[in-house]
Amino acid sequence: MKTFKAKSSVKRAIVKSLGLEAFEAGYVEKLVNGEFTFIPAPVIEDAEVIEKNMVDITINQSTIGKPCNLVWELAIEMNARAEAASEPKPARKDVINAAVAQGVAYNTARTQYQAWHKASKSESNED
């Protein structure tokens, strides 16, 4: 890998090695041991493709009152509905996603679901 003392030398090397008339933004300078070199720039995908592949950004603070109660209510309701319809219990992520969609912070939803799950497990063991 050829290195250069100045960025301008890197730009000239890019132009010369690729037979360009002027520097194009397809390459980036990289500092290696105090000297500069160039590497191909990473290919940036179309914004729509990136958006489709992104995971939803979760909220860090609940935007509703009594978020803990809501998670418990959702868990009870969703499990009761599934049981009445003779369907399997909803997955943990489904209850958490339903809570987050209603304004509960992601970590609060996770914590409260786990607390509900533990409590409901101990209730069923007592029966």
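If the condition is being crowded, with 20+ Cβ neighbours inside 10 Å and among the aliphatic types (A, V, I, L, M), then segment 101-127 contributes V104, A109.
What about R81, is it among the basic types (K, R) and modelled with pLDDT of 90 or more?
Spelling it out, R81 is indeed among the basic types (K, R) and modelled with pLDDT of 90 or more.
If you go through segment 73-96 and keep only what is closer than 18 Å to E123 by Cβ, among the hydrophobic types (A, V, I, L, M, F, W, C) and under 25 Å from the mean Cα position of the chain (by Cα), you end up with L74, A75, V95.
Restricting to segment 93-109, name every residue that is out of contact with any helix residue (DSSP H, G or I) (no Cβ under 6 Å at 6 or more places or on another chain) and assigned to a helix (DSSP H, G or I).
K93, D94, N97, A101, N107
Residue under question is F38, and the condition is that it be in a loop (DSSP other than H, G, I, E, B), among the hydrophobic types (A, V, I, L, M, F, W, C), modelled with pLDDT under 65 and assigned by TED's automatic domain parsing to the domain that holds A6; does it hold? Criteria not met by F38.
The values are calculated or read from the model by the stated rules, or taken from the named source; none is laboratory data. Computed from a predicted structure; not experimentally measured. Note: ideal-geometry Cβ built from the backbone for every residue, glycine included; neighbour counts use all protein chains shown.
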